[in-house]
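For reference, the structure discussed in these notes is given below.
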Amino acid sequence: MMLRRLSRRTVLGAMSALTLLPGLAMATPATDFVGTFGAELTKILSSPEPLQKKQQEILPLLKKNVDIEAIGRYCLGRYWRVATPSQRERYLKLFDQVLLYAITMQVGNYQNVSLKITGNVPSPAGEKVDILISRPKQPDVTMTVVVEGPPSRVIDLYGEGASMRLTQRSDYTAYLSRHGDDVEALIKALEQQVAQNSARLAKGQP
Amino acid sequence: MARKACRKMHHKRGITSLRLVAGACALLTLSACGSWRKPPPKDPEALQDYKQANDPYEPVNRKMFAVNSWAYHKALRPVGRGWKKYVPGPIRHSVASVNETWREPSVFFSDVGAGKSRRAGDAFMRYLINMSAGVAGFIDVASMVGYKQHETDPGMVMSLWGVKSGPYIFLPFLGPSNFRDIAGYAISQGLTPINYVPRGYGLLSFNWGYNVLGTFNTFADSTDQLDELEHQSLDPYAYLRSAWQQSRQGQIDVLKSDHRATTPDWY
């Protein structure tokens with residue numbers, strides 16, 4: 001009887017452990033990182049504060065969790081090597097502003113969202129974590145976050161199958177190749193873009 | 001006899017001049033094509049970027065993109081924004097639903113061609129349900145009962161069959177594409193029943209309305225993205241090319257990896 005009960009307990013225990021396995025197999029430092037970062041983001045996005053306050057609150061969170069420098073280096077592609085140290089520094093400073101503006105301007109489109117991790121897969125660039133973003137009265141959005149580490153940081157984002165940093169790199173390299181491979185020309189264009197973004201922010205336009 | 005010879009001579013001269021004209025045209029076309037083509041760079045790293053862009057006809061594509069941008073700013077954008085602002089959401093959704101439903105036969109045959117029975121079943125059921133319970137597609141009842149809309153087109157199927165994409169191409173009003181997908185677009189038009197409405201029918205005007213409104217609705221939904229593209233990129237042409245190529249490959253990858261069972265989710 002005891003043996004039968006034990007074996008039943010053992011079988012039930014083993015079964016419970018097995019049901020937990022897929023969850024355990026999915027959890028990695030990258031998924032944990034995305035889960036934590038996502039929770040912090042959704043907390044700000046879902047708060048009743050005004051849009052501008054949310055945009056300000058989100059900035060330090062992005063700076064902490066997104067490897068903006070690595071993305072910036074990648075986006076300059078083969079021109080990173082030909083750029084002088086001074087040009088690199090100025091470019092990265094401008095890129096930081098361009099990227100943060102692009103992300104914070106999306107804040108208004110993601111109010112009261114909920115986030116769910118739907119899968120993860122290793123890749124040469126880093127671990128890809130799929131997320132499903134549910135928005136009230138709007139269609140769900142599927143995105144893939146590419147995380148590299150340790151320490152875990154976001155190095156790319158995929159939306160509708162397109163890598164954000166690869167698309168940006170195509171933009172910059174095409175611009176450079178049409179402007180005599182001159183990094184200075186790109187820096188000037190980025191300065192103009194940052195000035196335009198600031199003007200739009202001042203006018204309250206997205 | 002002389003007359004005959006003369007006629008023959010004239011005919012021969014005609015043929016010769018025709019040949020000359022044809023030759024000149026061919027040469028002109030070739031030289032024009034030469035100026036249409038962007039020569040591959042010699043620098044190995046630049047060559048890698050050139051190959052990745054897959055855009056040897058970039059000079060002419062950029063001209064087409066400029067035409068498109070001009071039309072967008074002068075006419076399409078204001079009308080598109082007006083459409084979005086003044087036409088009530090339910091009407092816009094109905095137009096979108098009609099557009100999607102009437103394209104379902106093309107989606108169905110594409111799914112069959114891709115050997116994806118689950119997707120083909122979904123497309124078939126969507127057409128059946130929306131054309132009947134959905135009042136000719138005006139209400140997307142199929143989505144409500146678990147048959148969500150998906151896109152499969154002959155271009156994607158050809159990719160699965162191993163047909164190479166060919167160079168990137170940008171066409172005004174049709175947007176980014178490639179040689180394979182343009183052929184796919186032509187096939188999908190042939191697989192769409194509304195295109196077979198005979199002349200003289202009142203339905204012909206409905207066909208026009210369907211096509212124009214459907215395109216318009218899709219376009220109006222894209223104006224925000226197009227504006228964003230212009231504000232956030234230094235070279236909108238290159239940005240769009242890269243985003244489209246990746247997104248298209250993403251669609252094909254999703255189709256390739258769709259191994260779902262034939263029973264729908266609600267079953």
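The values are calculated or read from the model by the stated rules, or taken from the named source; none is laboratory data. On a predicted model such as this, the values are computed, not experimentally measured, just so you know. Cβ atoms come from the backbone with ideal geometry, glycine included; neighbour counts cover every protein chain shown. With ligands, DNA and RNA removed, areas are computed over all heavy atoms of the protein, side chains included. Shrake-Rupley method; radii C 1.70, N 1.55, O 1.52, S 1.80 Å.
Once you place label points 7 Å from the Cα toward the Cβ at A:Glu148 and B:Glu151, how far apart are they in nm?
About 3.0 nm, to one decimal.
Classify the range B:41-134 from the C-alpha gyration tensor, please: rounded if a/c falls under 1.5, else prolate or oblate depending on whether a/b exceeds b/c.
On the way: a/c = 4.09, a/b = 1.38, b/c = 2.97.
Cα axes put the range B:41-134 in the oblate bin.
Please give me the summed charge of the neighbours of B:Asp181: other residues whose Cβ is under 11 Å from its Cβ, Lys and Arg +1, Asp and Glu -1. Don't skip to the end; give the middle numbers.
Details: positive: B:Arg180, B:Arg248; negative: B:Asp153.
Once all neighbours under 11 Å are counted, the net charge is +1.
Which far-off residues, 5 or more places away or on another chain, put their amide H under 5 Å from the one on B:Leu171, with H placed in the peptide plane?
HN-HN under 5 Å from B:Leu171: B:Ser177.
Just to confirm the filter: which trypsin sites (Lys or Arg not before Pro) across the range B:81-179 are DSSP coil and have at most 13 other Cβ within 10 angstrom of their Cβ?
Values: sites: B:Arg81, B:Lys84, B:Lys85, B:Arg92, B:Arg103, B:Lys116, B:Arg118, B:Arg119, B:Arg126, B:Lys148, B:Lys164; in loops: B:Arg103, B:Lys116, B:Lys148, B:Lys164.
Answer by residue number: B:Lys148, B:Lys164.
For the cross-link pairs A:Lys53/A:Lys203; A:Lys64/A:Lys116; A:Lys128/B:Lys164; B:Lys164/B:Lys256, which exceed 18 Å when the distance is taken from alpha carbon to alpha carbon? Let's see the in-between values first.
Working: A:Lys53/A:Lys203 16 Å; A:Lys64/A:Lys116 21 Å; A:Lys128/B:Lys164 27 Å; B:Lys164/B:Lys256 15 Å.
The pairs that break the limit, which is 18 Å between Cα atoms, are A:Lys64/A:Lys116; A:Lys128/B:Lys164.
Karplus couplings for the range A:136-145 from phi (6.51 cos²θ - 1.76 cosθ + 1.60, θ = phi - 60°), rounded to Hz, Gly and Pro as x?
For the range A:136-145, the Karplus-derived couplings read x, 6, 9, x, 5, 10, 9, 9, 10, 9 Hz, x marking Gly and Pro.
Using a 1.4 Å probe on the protein heavy atoms, what percent of the accessible area of chain A belongs to carbon and sulfur? Spell out each step's value before the answer.
Details: 6970 of 11780 Å².
Carbon and sulfur: 59 percent of the exposed surface of chain A.
How would you classify the range A:85-206 from its alpha-carbon gyration tensor, with a ≥ b ≥ c the square roots of the eigenvalues: rounded for a/c under 1.5, else prolate if a/b is greater than b/c, otherwise oblate? Provide the component values of the computation, followed by the final result.
Working: a/c = 2.31, a/b = 1.39, b/c = 1.66.
Oblate.
Using modelled amide H (1.01 Å from N, peptide plane; none on Pro or chain starts), what sits under 5 Å from the amide H of A:Arg153, excluding residues fewer than 5 places away?
Correct list: A:Glu148.
Classify chain A as rounded, prolate or oblate, taking a ≥ b ≥ c as the square roots of the eigenvalues of its Cα gyration tensor: rounded when a/c is under 1.5, otherwise prolate if a/b is larger than b/c and oblate if not. Write out the running numbers ahead of the final one.
Details: a/c = 3.19, a/b = 1.90, b/c = 1.68.
Note, shape of chain A comes out prolate.
For the B and A pair, go ahead and give the buried accessible area with a 1.4 Å probe, both sides summed, in Å² to 100. Please report the intermediate quantities before stating the final value.
Values: alone 16870 and 12720 Å², together 27670 Å².
Buried: approximately 1900 Å² between A and B.
Could you go through the range B:87-98 in sequence order and give the Karplus-derived ³J(HN,Hα) for each residue, using 6.51 cos²θ - 1.76 cosθ + 1.60 with θ = phi - 60°, rounded to whole Hz, and x for Gly and Pro?
Coupling constants for the range B:87-98: 8, x, x, x, 5, 5, 5, 5, 4, 4, 5, 4 Hz.
Rounded to whole Hz and in sequence order, give me ³J(HN,Hα) for the range B:114-126 from the Karplus expression 6.51 cos²θ - 1.76 cosθ + 1.60, θ = phi - 60°, writing x for Gly and Pro.
Per-residue couplings from phi come out as 7, x, 10, 5, 5, 5, 4, x, 4, 5, 4, 5, 4 Hz.
Going 7 Å from the Cα of A:Ser46 in the Cα-to-Cβ direction, what parts of the range A:118-156 have a backbone nitrogen less than 15 Å from that spot?
Correct set: A:132-137.
Using Cα pairs closer than 8 Å and at least 6 residues apart in sequence, work out the relative contact order for chain A, in percent. Before the final figure, lay out the partial values.
Working: 217 pairs, mean separation 43.1, N = 206.
Reported as a whole number, the value is 21 percent.
Quick one: which residues, 5+ away or cross-chain, put their amide H under 5 Å from the amide H of A:Gly126? H built at 1.01 Å from N.
Excluding prolines and chain starts, which carry no amide H, there are no hits.
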